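See below for the structure under consideration.
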Amino acid sequence: MGSDRLLLIVEDDAAFARTLGRSFERRGYEVLLAENIDEVAALLTEHAPTHAVVDLKLSDNTSGLACVQMLHQHAPDMLIVVLTGFASINTAVEAIKLGACQYLAKPSNTDDIEAAFGHVAGNTDIELTNRATSIKTLEWERIHEVLRETGFNISETARRLGMHRRTLARKLEKRRVK
């Protein structure tokens, strides 16, 4: 496939991936879908995507960051956008270091993702805030960092954070994300 707009969508939510794929096809992209890193590796043997949208947390407990790294090593010029419901400063920084051009929090639509593909260079005019990060945001980021470290094991995460498992489960239920 020799398209200059070949998009690889790495997403474990099949319905979301199909919907996103159809939306990009209407915009003139050829679309490939993969649910995990093994499917990505198989597709890369036959195709040369120019763009990719990668979900940060895949169902097989694989981090989308591994996909970002593989895609960037395969084609350093590929435009990679990480899309996640588990946004944190740590994962955003790592995604960019590993080769992503942008990092978007869900919910994001096709317009947002396509704009991210076009906005590769940094912006020095972005407004700086004088407000410090809230305690709730810092707590949320720390919880997700430890969840990632433990392979999303709630009991082990609660133990490492020094809180009761049910307390952690309630916190996660309040801010349920996909």
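The values are calculated or read from the model by the stated rules, or taken from the named source; none is laboratory data. Predicted model, so just to flag it, every value in this text is computed and none were measured. Ideal geometry is used to build each Cβ from the backbone, glycine not excepted, and the neighbour counts take in all protein chains shown.
Listed values, structure above:
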quantity	calculated
Residue in segment 117-127 that is of a type outside the set (S, T, N, Q), surrounded by 11 or more Cβ atoms within 10 Å (Cβ to Cβ) and modelled with pLDDT of 85 or more present	yes
Given (1) under 21 Å from residue 151 (Cβ atoms); (2) of a type outside the set (Lys, Arg); (3) out of contact with any Ser or Thr (no Cβ under 6 Å at 6 or more places or on another chain), index of the condition residue 12 fails	(3)
Test result for residue 86, crowded, with 17+ Cβ neighbours inside 10 Å and in a loop (DSSP other than H, G, I, E, B)	yes
Residue 16, sole failed condition from (1) free of Cβ contacts under 8 Å to residues at least 12 places away in the same chain; (2) farther than 26 Å from residue 134 by Cβ; (3) in contact with a strand residue (DSSP E or B) (Cβ under 6 Å, 6 or more places away or on another chain); (4) surrounded by 15 or more Cβ atoms within 10 Å (Cβ to Cβ)	(3)
Residue within segment 151-160 that is in contact with a strand residue (DSSP E or B) (Cβ under 6 Å, 6 or more places away or on another chain) and at pLDDT 80 or above present	no
Flag for residue 106 being of a type in the set (Lys, Arg) and modelled with pLDDT under 90	yes
Within segment 22-73, tally of residues that are out of contact with any helix residue (DSSP H, G or I) (no Cβ under 6 Å at 6 or more places or on another chain), of a type in the set (S, T, N, Q), assigned to a helix (DSSP H, G or I) and within 25 Å of residue 92 (Cβ to Cβ)	1
Selection count, segment 66-94, where residues are aliphatic (A, V, I, L, M) and touching a strand residue (DSSP E or B) at 6+ places or on another chain (Cβ under 8 Å)	10
Subset of segment 28-52 that is touching a residue at least 40 places away in the same chain (Cβ under 8 Å) and of a type in the set (A, V, I, L, M) - its residue that is surrounded by the fewest Cβ atoms within 10 Å (Cβ to Cβ)	48
Qualifying residue in segment 167-175 (condition: within 15 Å of residue 88 (Cβ to Cβ), assigned to a loop (DSSP other than H, G, I, E, B), modelled with pLDDT under 80 and of a type outside the set (A, V, I, L, M, F, W, C))	yes
Complete set of residues in segment 92-111 that are part of a helix (DSSP H, G or I) and under 20 Å from residue 17 (Cβ atoms)	95, 110, 111
